[in-house]
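Following: one structure in structure tokens, then a few remarks.
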Amino acid sequence: MSDVARAGSIEPGSGQLTADVDATHGLDLYRRMQLIRRFEERVYLHYLQGELPGTLHQSQGQEAVAVGICDALRPTDWITSTHRPHGHALAKGVDLRAAMAELYGKATGCCGGKGGSMHLGDPSVGMLPAIAIVGGGNTVVTGLGLAFKLMRTDQVAVCFFGEGASNEGAFHEGLNFAAVQHLPIVFACENNLYGASTPFHQVSLVPDVATRAVAYGVRGEIVDGMDVLAVREAAGRAVAEARAGAGPVLLECKTYRFAGHSRGDVKGYRSREEEVLWKERDPIVRLRARLAATLDAGVLDDMDAQVEAALDDAIEFARQSPLPRAEDALTDAYATVISGGSAS
Amino acid sequence: MTAAEAPVVGERRLTIAEALREAIAEEMRHDEKVFLIGEDIGVPGGFGGAFGVYLGLTEEFGHDRIIDTPISEKALAGAAIGAALMGMRPIPDLQYADFLFECMDELVNQAAKMRYMSNGKLSVPLVLRCPVGTANRGAQHGQCPESYFVHVPGLKVVCVSDAYHAKGLLKSAVRDDDPVLFFEHKLLYGSKGREQAGGMDLTAHVPEEEYFFPIGKAVVKREGMSVTVVATHMSLYRSLAAAEELAQDGIDCEVIDPLTLLPFDEETIFASVRKTGRLVIAHEDTLTGGWGAELAARVAEECLYSLQAPIRRVASHDVPLPVAPVMEQTVVPSQARIKAAIQRCCEG
Ligand SMILES: Cc1ncc(C[n+]2csc(CCOP(=O)(O)OP(=O)(O)O)c2C)c(N)n1
């Protein structure tokens, strides 16, 4: 829904941003997007300074998707994520300190240092360890939905994936399977135009991933992924449908990653002009402008300061946390330790 | 580096990445049926493959022969196999060996079996390059899955660890009429590997003139009389470093790089074991069912009475890979672990 159409249904001066989102709620969406943005920016800095092991795939620019969709979920709902999971994790409620410590490879991390950036997650808040195999979540998520259906709970599962993943067989098999089983799943595609260096138009003659829903008899919808209120609204509908047993929905969020694919990507495959164009649609700047109409600028600045303080605390926590013990590497492959497997 | 190994002035030294690029370019010039197909390999302004091996090739060979694909491993492996069946010589690329599992059916049920099912009428000449090895990337981006494929009749499995053999073997693989999986370690590609491999110079002399190195032949990297050590990739370099340390204690290691795991050059290993009477095997693949187990079994079958001590294997422990460096270093075979295994083998 466009801003104009949305404004039409809202009482002017009421402080409502949309039918579902009032100013307080909007401020919370802002806080969470800002937290993700600053998390990514600060983590990158510390990565460059050599504090974090491994690699990083970051989500600056895509915050509205993670926050808008997870906001429509209950704590008991589940998500699957990808090699680019930081935003999804924070939006679903993975503890900030535990997420940061995981990136630092510390024992206090949400995966005890075993997972790292690409496998961030926490079952206690409904997030599987992120799956770094492109399309890996698209089939596994159907099992989550199947379990909810068989156990007659009213939980919903969301599968986050990129447009690049929509060319994997797993995308097609997962969507069709979920469709014929009427599973309570939202397939949330973050179409940021590039899979690593490859532009989507080079690998799909269909520009909109949502179009592919037709092939499987499910509802597909395209939403402006740079507008958190639009994402929230579309996600609210999709999640409600899935929860009501009306089957899966394929929700495509048009978005852009401001940073490179992974650390060290100089982005030679896209133009600076294109980047500027998308920067102008920065979801955080846009929501801030909307909120500034009803809220005091001081409130938003305070919120920024709170976010910064929370990140200071999390980084300090991660730095001070103990490393895992070397022998911790050998636990958790099985429920109970089996013998053998470590000769010499 | 000892004086004897120091590069001769004017000697041409390349990294593995450079040697692979050169081999591919030469083979593409030699035979127009050779082509590349994979993810992010030729996008303008892109990466030249996940590890930069293809940088510059599109300029020479164009997008007809360097084909960027969707992220569709099943389709790209299937396309490579189908084209190979029609007489082309594709070099498909999946970025990381971990993603081989996306196209196991194509590799194991189709590529490996077409020659046999057709009673020898068909060939699947392709080379699938597979980067392996831990580098703080965790459970799904650091595996060494070579042993899965050693179990598949119809495939050939190569593991290269230096630029000279990388080039010679890749050229042989491209001209081979059977499907070859070509495993390369991510930490050994170029200069970055140097620090991580303990300051060794990982470039090697690669002659200007064309040469081939045969599939199925091992090389003795260091001659010795006390114990035979067979190792690949990072474990090879750690074994060589351990061998230097042990030389001071009077343990004289013979270190062998098998280079091809399938078909395996048994004779070189058997001859060495008959000389030394002791065998240690080191690989970064996990222990149980790893190729070291197969080699140990063959040595036990053929050289048992030459052995003076039990065979020792050093491998990654049987767990997935953790990210935190302190844990990762525990899982993969370290120089210390290899050294201890050699010492133990020499005690008996
Ligand atoms: C099965 C598989 N193939 C290839 C890769 C390597 N890879 C990692 S991310 C990526 C691009 C993914 O693009 P997309 O799905 O659009 O997600 P985005 O990176 O844009 O978030 C690729 C090719 C992988 N991780 N898994």
**Prompt:** At residue A:305 and residue A:205, where each label point lies 7 Å from the Cα along Cα→Cβ, what is the point-to-point distance in nanometres?
**Reply:** 5.8
**Fill in**
For the residue B:105, residue B:64 Cβ pair and Förster radius 35 Å, calculated FRET efficiency rounded to 0.05 is 0.80
**Fill in**
Env charge @ residue A:295, Cβ radius under 15 Å, K,R +1 / D,E -1, value -2
**Asked** Once you list every other residue whose beta carbon is under 15 Å from the beta carbon of residue B:120, what net charge do they have if Lys and Arg are +1 and Asp and Glu are -1?
**Response** +1
**Message:** Loop-only GluC sites (Glu not before Pro) in the range B:217-257, please: DSSP not H, G, I, E or B, and at most 16 other Cβ atoms within 10 Å.
**Reply:** B:223
**Request:** Given a cut-off of 24 Å, name the pairs among A:267/B:33; B:275/B:339; A:114/B:156 whose C-alpha atoms lie farther apart than that in the structure shown.
**Result:** A:267/B:33; A:114/B:156
**Message:** Counting only helical runs of four or more DSSP H residues, what would the 222 nm mean residue ellipticity of the protein assembly as shown come to if each run contributes -39,500 (n - 2.57) and the total is spread over all its residues?
**Reply:** -12000 deg cm²/dmol
**Complete:** Percent antiparallel among DSSP beta bridges confined to the range B:13-205, rounded to 5, stands at 10
**Request:** Would you tally the net charge around residue A:274, using a Cβ to Cβ cut-off of less than 13 Å, leaving residue A:274 out, and scoring K and R as +1, D and E as -1?
**Result:** +3
**Asked** Using a ≥ b ≥ c from the Cα gyration tensor of the range A:113-210 (square roots of the eigenvalues), is it rounded, prolate or oblate, where a/c under 1.5 gives rounded and otherwise the larger of a/b and b/c decides, a/b for prolate?
**Response** oblate
**Request:** Please work out whether the range B:277-317 counts as rounded, prolate or oblate from its C-alpha gyration tensor, where a ≥ b ≥ c are the square roots of the eigenvalues and a/c under 1.5 means rounded, while otherwise a/b larger than b/c means prolate and anything else oblate?
**Result:** prolate
**Request:** Once you have a ≥ b ≥ c as the square roots of the Cα gyration tensor eigenvalues for the range B:220-347, tell me rounded if a/c is under 1.5, and otherwise prolate or oblate according to whether a/b is larger than b/c.
**Result:** oblate
**Prompt:** Please state the relative contact order of chain A as a whole percent: Cα pairs under 8 Å, 6+ residues apart?
**Reply:** 21
**Asked** If eta is 1.002 mPa s and T is 20 °C, what Stokes-Einstein diffusion coefficient results for the protein assembly as shown, Kirkwood Rh from Cα pairs, in µm²/s?
**Response** 79
**Message:** Please compute the volume of the convex hull spanned by the alpha-carbon atoms of the range A:24-128 and report it per residue in Å³.
**Reply:** 86
**Request:** Let me know the charge dipole size of the range A:271-310 about its Cα centre in debye, to the nearest 20, where only the beta-carbon of Lys, Arg (+1) and Asp, Glu (-1) is charged.
**Result:** 200
**Item:** Pairwise label distance in nanometres, residue A:51 with residue A:285, each label 7 Å out on the Cα-Cβ vector
**Value:** 2.7
**Message:** Please report the equivalent ellipsoid semi-axes of the range B:23-107, computed as sqrt(5 x eigenvalue) of the Cα gyration tensor, largest first, in whole Å.
**Reply:** 19, 16, 10
**Fill in**
Taking R0 as 35 Å and r as the Cβ-Cβ distance between residue B:113 and residue B:252, the FRET efficiency 1/(1 + (r/R0)^6), rounded to the nearest 0.05, comes to 0.20
**Prompt:** Any idea what the dipole of the range B:220-347 comes to, in debye rounded to 20, about its Cα centre with Lys/Arg Cβ at +1 and Asp/Glu Cβ at -1?
**Reply:** 260
**Asked** Over the Cα atoms of the range B:13-205, how large are the radius of gyration and the largest Cα-Cα distance (Dmax), in Å?
**Response** 15.7, 51
**Request:** Return the Rg/Rh value of the range A:3-343, two decimal places, where both radii are evaluated on C-alpha atoms and Rh is the Kirkwood radius.
**Result:** 0.97
**Request:** For chain B, calculate the relative contact order in percent as a whole number, restricting contacts to Cα pairs under 8 Å that are 6 or more residues apart.
**Result:** 16
**Item:** Point-to-point label distance, residue A:19-residue A:297, nm (Cα→Cβ direction, 7 Å offset)
**Value:** 3.5
**Computed over chain B, Kirkwood Rh from alpha-carbon pairs, angstrom** = 20.6
**Item:** Antiparallel bridge percentage (DSSP; both residues within chain B; nearest 5)
**Value:** 20
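Quick note: the coordinates plus some simple rules give every number you see, no bench work behind them. Only a predicted model underlies this, so the values are computations on that prediction, with no experimental measurement involved. All Cβ positions, glycine included, derive from the backbone under ideal geometry; neighbour counts span all protein chains shown.
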